[in-house]
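Below is one structure; the comments refer to it alone.
Every number in this text was worked out from the coordinates using simple rules, so none of it is lab data. Computed from a prediction, not measured in an experiment: that's the story for all the values here. So basically every Cβ, Gly included, is an ideal-geometry build from the backbone, and we count neighbours across all protein chains shown.
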Amino acid sequence: MSKIRANLSMQPGKKHRRFGLYTLLFPTSVWLLFFILIPIAMFGVYSFWVVRNETIVREFSFGNYVRFFTNPLYPALLLRSLIIAFGVTIITFVMSYPLALHIFRQSGRLKSLLYMFVLIPLLTSYIVRIYAMRLVLGSNGLINNFLIFIGAIEEPLQVLLFNRFAIFLTLCVTLSPFMVMPIYTSLEKVPRSLIEASRDLGASDLQTFWRVIFPISVPGVVAGSMFIFILSLGDFLTPILVGGTQGMTISKAIQMNFGIAYNWPLGAALSAILLVIALSTILVSNRFGALREI
Amino acid sequence: MKELLRLGKVTKCFGPVVAVDAVDLSIYDGEFLAILGPSGSGKTTILRLIAGFETPDEGRILLEDRDIALTPVNQRPFNTVFQDYALFPNMNVFKNIAYGLMVRGIGRQEIKQRVEEALEMVALSGFGERYPDQLSGGQRQRVALARALILRPKLLLLDEPLGALDLALRKQMQITLKQIQEQVNITFVHVTHDQEEGLTMSDRVAIINEGQIQQLDDPKAVYFYPQNFFTANFMGENNLIKGRVVDLSASGATVETEIGNVAVKFADKQPIAPIKGGDELYVVIRPENILIGDQAGTAGNIYEGIIRRRVFVGSEEKLFVSPVSSPELEIMIKLHALKAGSGYPSGGLDRKEKIRIGWHQDQCWLVSNNS
């Protein structure tokens, strides 16, 4: 019977269907090719060119990559960016997991309402969210005014803004929805009956969490971490807007090379290095099933 | 028999819906009790109240005379086999079964030994390393059973345990479940909407509708002597004819119905106490108890009818007959299926043909109007 069915599926109809599939995929493929793959490939090509007298010369050279590894500035910048990205990932995880768990444990309207509150910031402009952080941290901001109001300080604190701490905090706040979402999604995939079964078999709430709920939500945690890590590594607006003089990161360096420094080949090389790091992060995350959680 | 668990006037509401309505139920040590009812009847809620996933709004749940209505799930000596089995996908079969022992901090050696025993009991030795998604439905079901039984609960609760299996496997698992129950000698409470499943395995059946127990008896009594309209309608395909008692004696009654008077002789199980002259009630006749043609001549209740339909369903044939006196009504008659070519009876049983039907006075009985 199954043999007959297998034969049937090999009838001309199949070829026909495959043709239909390619027809459907064609516009998307063209889109991907022209707007993503080709620009990235052009970047790759750019990164092997050189700049002489403020003009880009199409001359093949590994110079930009050599410069990255021999100039002590860039590896240090990259390391600093990696440390920030790593730290932001850890902190957002610690902040977001309990929140996602809390939303998951609610029911009905309150649940959708809470989840919406997490998502609302994503509907606003990214720059607005960063400026909002300036309003909170600034010398005339929420925190300083509050501390002055309760008499804890007399002069506004200057340590809150325009330093690495501000970058760190702003990234944590603005990116945290990207951590809450996949964790919440993976928690939602834990059937209620599993939690009931665990308690039915005698486990306490804590045992149920560590043995059943958390292991099942790990792919969501990995997916969220991947988002946060890549996004905070590539972010250049936050260092520019709240980082002040300490705000030099690898992404800001890239932005400057494409901007005022007018050294596109070097910028492209730095981008290529970041891209390799980002892609490796995605590959590693995928081993934990992270991409299925998105 | 010793009483293990008693529900006393247990009520549970979900908003305006009364899911369980002042239910009294005793469960005896070592029995296999089926809770049988249509979906939404409150049967699963009763199970969840016993397990502790819900707390009753009113009433008591007594385990050996101790009220456990507010005892948390993880402190009740009961275990549940869930409808979807609820196996932990992140653990292999061994760890799933060992779970209850692990959270109790039992030694590794003992766990290993008891899990091996449990695997053997459900005929899954050697499956310990597999993960739930590598098992068939029937295998998962047996893992869920082993996981619950390994803790030697006082009561095993089964929530539609066979619902997700195909027919052949379901039949096989019915027998397996009963065998295991006898082997471990643990009280089983089994919730199902499938009548056959309820009747096959259990010692007693509780028929539930609208949050109330309609009838609680052994399977044969429930099947052959339903006590009210709901049970009679729910158990098998009974003919129910509405009527009014016009004559009542200790040994029988005469009921006036739209097909004419029906004489009923009370069997042992027939409760005559609640019936009064003039009561509105239903006469129940099992389709297999109706005689046709010449055979009907000897019966106490005889009616003329017209054949509406004849349906072949394998082992039997169903004949739908409308009495001449009330063409709106259809009475179903079950006959043993006839081999092709052999007429039954000689006159044939074609559509629109006239036929005489009848049944003996002790082959029908009365059920109350209220459900």
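Summary of values
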| read-out | value |
| --- | --- |
| Positive-end residue, chain B charge dipole about Cα centroid, Cβ charges, pick of B:L5, B:F234, B:A168 | B:A168 |
| Packing-based order for B:125-132, A:70-77, using average beta carbon neighbours within 10 Å, highest first | B:125-132, A:70-77 |
| Check: the protein assembly as shown dipole with +1 on Lys, Arg Cβ and -1 on Asp, Glu Cβ, in debye | 2620 debye |
| Cα-centred dipole magnitude for the range A:180-276, charges only on beta-carbon of K, R (+1) and D, E (-1), debye, nearest 20 | 100 debye |
| Inter-chain Cβ neighbour average for residues B:144-150, partner chain, 10 Å | 1 |
| Sequence ranges A:222-234, A:103-115, ranked by mean other-Cβ count within 10 angstrom, highest first | A:222-234, A:103-115 |
| Rough spin-label spacing in nm, given labels placed 7 Å along Cα→Cβ, for A:R52 and A:R192 | 7.3 nm |
| Anisotropy class of the range A:5-125 from Cα gyration tensor, a/c 1.5 cut | oblate |
| Among A:117-125, A:57-65, B:200-208, the order from most to least packed when residues are scored by Cβ within 10 Å on average | B:200-208, A:57-65, A:117-125 |
| Cβ-derived FRET efficiency at R0 25 Å, A:T70 paired with A:A278, nearest 0.05 | 0.60 |
| Positive-end residue, the protein assembly as shown charge dipole about Cα centroid, Cβ charges, pick of B:V205, A:V66, A:L169 | A:V66 |
| Global geometry of chain A, whether rounded, prolate or oblate, following the gyration tensor of its Cα atoms and the 1.5 cut on a/c | oblate |
| The range B:31-172, relative contact order in percent, only Cα pairs under 8 angstrom and at least six apart counted | 29 percent |
| The protein assembly as shown, helix-only ellipticity at 222 nm - DSSP H runs n ≥ 4, -39,500 (n - 2.57), divided by all residues, nearest 500 | -14000 deg cm²/dmol |
| Within-15-Å neighbourhood charge of B:T71 [Cβ basis; K, R +1; D, E -1] | +2 |
| The range B:136-187-the range A:80-138 distance, computed between alpha-carbon centres (Å) | 46 Å |
| Test item: B:281-293 mean partner chain Cβ contacts at 10 Å | 0 |
| Average beta-carbon neighbours from other chains, 10 Å sphere, peptide B:82-95 | 4 |
| Kyte-Doolittle mean at least -1.0 and Cα axial length at least 27 Å: DSSP H helices in chain A | A:12-32, A:73-105, A:164-188, A:214-234, A:264-286 |
| Relative contact order of chain A, pairs being alpha-carbon contacts under 8 Å that are 6 or more residues apart, as % | 25 percent |
| Taking B:C13, B:C364 and counting other C-beta atoms within 10 Å, the order from fewest to most | B:C13, B:C364 |
| Debye log10 I(q)/I(0) at q = 0.05, 0.07 Å⁻¹ for the protein assembly as shown, Cα point scatterers | -0.45, -0.75 |
